[in-house]
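Structure first, then comments.
Readers should treat all values here as calculations from the given coordinates under stated rules, not as data from a laboratory. Being a predicted model, the structure only gives us computed values, none of them experimental. Note: ideal-geometry Cβ built from the backbone for every residue, glycine included; neighbour counts use all protein chains shown.
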Amino acid sequence: MKKMNYSIEDRIARITLDDGKMNVMNWEFFSELNECLDKAEAENAQVLIFTAKPGVFSAGLDLKLLPTLSFQEQIKFQKTFATTMMRLYLFPIPTIAAYCGHSIAGGAILSYACDRFMAVDGPYKIQINEIANHMVLPSWILLICRSSIPPGYWKEALLHAHIYTPREAFEKGIIDDLIPEKGDVQEAANVYARDLFRLGVPMYAASKRFLRQKEADDALRAFDHEILELLLK
């Protein structure tokens, strides 16, 4: 794999984003991510952890790729982005984002799609920056973000593209766990993951589906007309 590494140990699957740079999201990224999710399901993992090398979790979509795509390719790419992130949002086992670094746009969306978000304190940026970059936020992104961002901060975080430090995000309830600088976020994630072994996986999967599936389906049904507004702006 060129974009990420997959491993599993003691029922905990781990996906480490690692393209050697900013972990941007492109065709290869989404293909590899879906392959990793397939492995986690096939190997009966009970928890899935996302991480990356210190510094950058992900800078989001590959902005060098987007201008090279035709209109039809843009639609296909955005649909791939949406369906992959929604697959994670609905993933049938507990998911944890745990890292030390910047998380921008798609990187933040991936983090919010997880069931637990842990980050190391430090001079890092967490931002949904689409509107600041003159892009529309479609329903599916808003759904994922609203599942992690408390309602009182929806306008600030989503419409005003506020840049948070991990500490500020934690204080506002956006991040679940703030790990001290130089702290071991992976050990914290492992401890939390092992505690989740007490959950019944089939019951967890069914309950998560009941909690999220209807709104997820509605958001994806809106994709076709929303994507036109996104790309024609």
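If only residues of segment 69-98 that are more than 25 Å from Leu211 (Cβ to Cβ) and in contact with a helix residue (DSSP H, G or I) (Cβ under 9 Å, 6 or more places away or on another chain) are counted, the one that is surrounded by the fewest Cβ atoms within 10 Å (Cβ to Cβ) is Phe71. State whether the residues of segment 68-91 include one that is of a type in the set (Asp, Glu) and free of Cβ contacts under 8 Å to residues at least 24 places away in the same chain. Scanning segment 68-91 turns up at least one residue that is of a type in the set (Asp, Glu) and free of Cβ contacts under 8 Å to residues at least 24 places away in the same chain.
The residue that is surrounded by the fewest Cβ atoms within 10 Å (Cβ to Cβ), counting only those in segment 14-39 that are without any contact (Cβ under 8 Å) to a residue 60 or more places away in the chain, within 16 Å of Ala113 (Cβ to Cβ) and not β-branched (Val, Ile, Thr), is Asn34.
Of the numbered criteria (1) within 17 Å of Phe30 (Cβ to Cβ); (2) assigned to a loop (DSSP other than H, G, I, E, B), the one Ala108 fails is (2). Looking at segment 92-112, which of the residues that are over 9 Å from the mean Cα position of the chain (by Cα) and in contact (Cβ under 8 Å) with a residue 60 or more places away in the chain is nearest to Asp217 (Cα to Cα)? Looking at the filtered set, the residue picked out is Pro92. Can you find a residue in segment 226-233 that is within 20 Å of the chain's Cα centre (by Cα), free of Cβ contacts under 8 Å to residues at least 24 places away in the same chain and surrounded by fewer than 16 Cβ atoms within 10 Å (Cβ to Cβ)? Scanning segment 226-233 turns up no residue that is within 20 Å of the chain's Cα centre (by Cα), free of Cβ contacts under 8 Å to residues at least 24 places away in the same chain and surrounded by fewer than 16 Cβ atoms within 10 Å (Cβ to Cβ). Taking the listed residues Ala216, Ala206, the one that is closer than 23 Å to Arg116 by Cβ, over 20 Å from the mean Cα position of the chain (by Cα) and in a helix (DSSP H, G or I) is Ala206, with no other qualifying.
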